[in-house]
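Worksheet: the structure to be examined is printed underneath.
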Amino acid sequence: MKIITSTKYIKKTIFLSLALTSTIISAQDTDKETKPKLSISGTVDAYYRTNLSAPNDENAIIPGSSFANLNGFSLGMANIIASYDGKKTGFVADLVFGPRGEDAVFNSPLYTSIGGSSQIINQLYAYWNITDDIKITLGNFNTFLGYEVISPIANFNYSTSYLFSYGPFSHTGLKIDIVLSDDFSLMLTVMNPTDLTEFNPSSKYAFGAQLGYSNQYLNFLYDAGGFEIDYTGGFDLTEDFFLGINVAYFDNDGNGFAGAVLYPQYITSDNFTLGLRGEFFAQNGNFDAALGTGVIDSSIFTATLTGSYTIENLTIKPEIRLDSASDNAFINADLAPSKNLSSFLLAAIYSF
């Protein structure tokens with residue numbers, strides 16, 4: 001048997017083997033870079049709440065805003081978000097479980113009278129990045145109106161404002177996002193009527209638009225239920241001081257609401273931030289769902305002081321809230337009618 005001992009041959013063989021191995025590894029790395037990846041994220045939250053100026057038993061009174069309205073040790077929600085991001089396409093499946101989640105999808109499911117899996121869907125949509133500047137989305141997505149959102153980790157205050165609580169929370173439809181320049185953006189959307197997030201039981205549709213400039217947004221919504229104009233924005237006044245702003249007006253044939261909210265926030269350290277939400281909210285006509293006074297043209301002023309302490313993925317939020325209405329919307333500790341309500345809560349939010 002002839003044995004090849006040529007050094008030249010051996011070197012050539014080793015070189016070819018290394019080149020082939022390098023090519024395979026490079027191809028695998030490229031495949032990993034371009035292959036879409038499934039990611040899982042979300043939050044879990046719970047809290048303790050008590051009234052300071054009203055009963056905490058069967059006569060308990062709560063603010064008329066959404067979420068964080070259960071007394072004692074209470075549950076928020078488990079929010080699990082699965083997203084799949086490709087080079088051009090992807091999807092988001094945002095599921096919610098618990099009291100806060102049920103309140104967020106209050107008008108679902110419509111498809112069946114006995115409930116079903118639709119009651120855990122917060123968002124469910126697919127998207128296509130046609131170009132770097134144009135994106136089309138189809139499905140159920142959280143509203144583009146307002147400053148606050150459903151997710152407790154994305155809001156500074158744990159309780160929510162009246163302006164947020166009057167909604168809408170989510171829409172189902174088709175929207176297109178367009179980057180006009182480095183500073184300007186435009187969003188256009190056609191949707192089911194407000195709050196109808198599963199399907200459209202009528203032949204009517206809602207229309208929305210958003211014009212953005214340097215993180216300032218002017219929003220419009222029109223459907224058979226009326227129209228809403230909303231401004232949402234914020235400014236970094238210093239490195240440590242931020243001011244958020246939300247102003248909105250809604251009208252439906254003389255019935256509606258208007259509100260203005262300021263969100264000053266001050267960073268005191270790497271782990272702690274202090275924030276105040278000051279809100280004035282007014283309603284007229286039949287829009288009495290939140291305040292519950294039964295009086296036309298009711299209004300309310302709310303001041304909410306919140307601390308936010310973060311350690312690893314856990315955020316702890318102590319909060320004091322004062323609600324002052326124009327009419328007797330509450331009762332005091334003696335069960336007498338009152339225009340004022342004060343409360344305290346302590347929330348824990350874990351994000352992953």
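The values are calculated or read from the model by the stated rules, or taken from the named source; none is laboratory data. Only a predicted model underlies this, so the values are computations on that prediction, with no experimental measurement involved. When we count neighbours, we look across all protein chains shown, and the Cβ atoms used for this are built from the backbone with ideal geometry, even at glycine. Ligands, DNA and RNA are excluded from the accessible area calculation, which covers all protein heavy atoms including side chains. Shrake-Rupley method; radii C 1.70, N 1.55, O 1.52, S 1.80 Å.
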### Message
Out of everything in segment 88-101 that is touching a residue at least 24 places away in the same chain (Cβ under 8 Å) and either hydroxyl-bearing (S, T, Y) or open to solvent by 70 Å² or more (accessible area, probe 1.4 Å) (or both), what residue ends up being nearest to F169 (Cα to Cα)?
### Response
F91
#### Entry: Residues (out of contact with any Lys or Arg (no Cβ under 9 Å at 6 or more places or on another chain) and without any contact (Cβ under 8 Å) to a residue 40 or more places away in the chain) located in segment 295-319
V295, I296, D297, S298, S299, F301, T310, E312, N313, L314, I316, P318
### Message
Between F281, F352, F344, which is in contact with a helix residue (DSSP H, G or I) (Cβ under 6 Å, 6 or more places away or on another chain) and aromatic (F, W, Y)?
### Response
F281
### Query
So which residues in segment 44-70 are open to solvent by 20 Å² or more (accessible area, probe 1.4 Å), closer than 27 Å to G259 by Cα and part of a loop (DSSP other than H, G, I, E, B), if there are any at all?
L52, S53, A60, I61, I62, G64, S66, N69, L70
### Summary
Scanning segment 298-329 for residues that are closer than 22 Å to G64 by Cα and of a type in the set (V, I, T), the one most open to solvent (accessible area, probe 1.4 Å) turns out to be I320
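One line per residue, one yes/no per condition, for (1) among the polar types (S, T, N, Q); (2) open to solvent by 50 Å² or more (accessible area, probe 1.4 Å); (3) more than 25 Å from G307 (Cα to Cα); (4) not in a strand (DSSP E or B):
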{"site": "Y127", "(1), (2), (3), (4)": "no, no, yes, no"}
{"site": "D132", "(1), (2), (3), (4)": "no, yes, yes, yes"}
{"site": "L138", "(1), (2), (3), (4)": "no, yes, yes, no"}
{"site": "F144", "(1), (2), (3), (4)": "no, no, yes, yes"}
{"site": "P152", "(1), (2), (3), (4)": "no, no, no, yes"}
{"site": "F156", "(1), (2), (3), (4)": "no, no, no, yes"}
{"site": "H171", "(1), (2), (3), (4)": "no, no, yes, no"}
{"site": "S185", "(1), (2), (3), (4)": "yes, no, yes, no"}
## Note on the structure
Exactly one of D132, D183 is over 22 Å from D251 (Cβ atoms), touching a residue at least 40 places away in the same chain (Cβ under 8 Å) and of a type in the set (D, E, K, R), and that one is D132
### Message
With the requirement that a residue be surrounded by fewer than 18 Cβ atoms within 10 Å (Cβ to Cβ) and either in a strand (DSSP E or B) or of a type in the set (G, A, S) (or both), what does segment 209-219 give you?
### Response
A209, L211, Y213, S214, Q216, L218
### Query
From the set of residues in segment 252-282 that are of a type in the set (V, I, T) and surrounded by fewer than 21 Cβ atoms within 10 Å (Cβ to Cβ), which is farthest from T194 (Cα to Cα)?
T268
### Residue under evaluation D230, criteria (1) open to solvent by 30 Å² or more (accessible area, probe 1.4 Å); (2) outside any loop (DSSP other than H, G, I, E, B); (3) not small (G, A, S), criterion not met
(1)
### Query
Does segment 323-352 hold any residues that are more than 22 Å from D297 (Cβ to Cβ) and in a strand (DSSP E or B), and which are they?
S342, S343, F344, L345, L346, A347, A348, I349, Y350, S351
